[in-house]
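Read through the structure below, which is laid out as structure tokens, and then see the notes.
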Amino acid sequence: MSGLPYEVFKFEIVQLFNSFAIKNSNITIELIRGRKTGFAIVELNNSSDVERAITELYGKQLGTRWIKVDKADLILEISHAISVPQF
């Protein structure tokens with residue numbers, strides 16, 4: 001997912017996904033140089049929950065921002081394309 005507020009906490013993402021089966025509570029908030037990037041990966045138990053999450057959560061407001069939910073491979077491509085190299 002992308003478009004997250006930079007001040008988002010893991011528990012807020014858990015609340016957002018409370019009607020979906022999160023696999024082993026696996027949520028990763030991406031960091032660059034110790035700062036949140038607005039990207040997170042939420043691993044779900046099954047493909048039907050993935051499709052439902054995309055449909056139900058894409059464009060939903062979280063804090064002051066509207067989030068985008070898509071399959072992780074697409075989100076990772078976008079985040080790596082805009083990430084700042086670490087020195």
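Where a number appears in this text, it was derived from the coordinates with a stated rule and is not lab data. Remember, predicted model here, so these are calculated numbers, not experimental data. Here the Cβ positions follow ideal geometry from the backbone for every residue, glycine too, while neighbour counts run over all protein chains shown.
What net charge is computed for the residues neighbouring Glu43, neighbours being all others with C-beta under 12 Å from the C-beta of Glu43, Lys and Arg scored +1, Asp and Glu -1?
+1
What does the charge count around Ile22 come to, taking other residues whose C-beta lies under 14 Å from its C-beta (Lys +1, Arg +1, Asp -1, Glu -1)?
With Lys, Arg at +1 and Asp, Glu at -1, the neighbours total 0.
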